[in-house]
Structures are given as C-alpha cells and as structure tokens.
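The values are calculated or read from the model by the stated rules, or taken from the named source; none is laboratory data. Note that the structure is a prediction, hence the values are computed from the model and not measured. Positions of Cβ are generated from backbone atoms using ideal geometry, with glycine treated the same way; all protein chains shown enter the neighbour counts. Ligands, DNA and RNA are stripped out before the accessible areas are found, and what is left, the full protein with its side chains, is counted by its heavy atoms. Shrake-Rupley method; radii C 1.70, N 1.55, O 1.52, S 1.80 Å.
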Amino acid sequence: QVQLVESGGGLVQAGGSLRLSCAASGSIVSINAMGWYRRAPGKQRELVATIARAGSTNYADSVKGRFTISRDNAKNTVYLQMNSLKPEDTAVYYCNANAFSSINRSWDNYWGQGTQVTVSS
C-alpha cells in the first residue's frame, strides 16, 4: 500500500511560521495531485492547498498569500510553508495524495495520520 507520513507541526505564536512535510512511500507507481487539508476543533475538514504533478496550485481563500505548497516528485514529498500564522489556523493538518499503487492497480486517495498545528495569540 501507500503510506503518508507528515512532520513539522507544533506550537507557534501568531505571526510566526511553520513548514510541514509529507513523504509518501510504499507500493507507489505514480502520484498525481497532492494536497493539505485541515480540521479545526468542532469543524469539518477543509481544503488548504493542492498541487498537481506538473506544479499548478490551488489555495483556500483563507490562506492565499500566506501559505505556499510545493512538491518534490523525485522524493514523493509535498510541503506546506505557512507564514503569518493566525490563531484560526490552529488545526490538525492532513496530507493527501492521489496515487497509483502496484498492489491495488488503481488510482486511490491516501491520507496521512495528521499533524497538530497550534497558533497562540
């Protein structure tokens, strides 16, 4: 199967920065889109940013101009640089990848376990 492992979460003061990483491993043949989602306490999971294999990006309005998504296809890794963090960015951040597995022989969505980001005011 395909495993996604996130890292880089933590506690930061408002206005600070964090960089999240997510590395995909396992029976990967190819990865299409990758992205970051988040779930704040008491809220539904929401899209933060996505990036296509060729590099085109899409952002939630709430993070435009503050967050930057990027990827390294050779390393099967996606990053999220988060600047000018606000308390409302506090959430568990999840990595997502649309990947073709040599075991399933199909395109499927895979999720990481999540990493906590807490922004104090």
What's the number of the condition residue 114 fails, among (1) at negative phi; (2) touching a Phe, Trp or Tyr at 6+ places or on another chain (Cβ under 8 Å); (3) touching a residue at least 12 places away in the same chain (Cβ under 8 Å)?
-> (1)
Which ranges mark the strands (runs of 3 or more DSSP E) fully within the stretch 73-121 that have 3 or more residues being among the aliphatic types (A, V, I, L, M)?
-> 77-82, 91-101
Determine if the stretch 27-38 includes at least one residue that is farther than 22 Å from residue 99 by Cβ, open to solvent by 50 Å² or more (accessible area, probe 1.4 Å) and either touching a Pro at 6+ places or on another chain (Cβ under 8 Å) or not hydroxyl-bearing (Ser, Thr, Tyr) (or both).
-> no
If only one of 48, 119, 92 is surrounded by 16 or more Cβ atoms within 10 Å (Cβ to Cβ), touching a Phe, Trp or Tyr at 6+ places or on another chain (Cβ under 6 Å), closer than 19 Å to residue 6 by Cα and among the β-branched types (Val, Ile, Thr), which one is it?
-> 48
Within the bounds of the stretch 17-33, is there any residue that is out of contact with any helix residue (DSSP H, G or I) (no Cβ under 9 Å at 6 or more places or on another chain), free of Cβ contacts under 8 Å to residues at least 24 places away in the same chain and over 25 Å from residue 105 (Cα atoms)?
-> no
Which of the residues belonging to the stretch 58-68 are open to solvent by 70 Å² or more (accessible area, probe 1.4 Å) and within 17 Å of residue 78 (Cα to Cα)?
-> 58, 68
Reported set for the stretch 95-106 where residues are open to solvent by 10 Å² or more (accessible area, probe 1.4 Å) and either in contact with a helix residue (DSSP H, G or I) (Cβ under 8 Å, 6 or more places away or on another chain) or modelled with pLDDT of 95 or more (or both) is 96, 98, 100
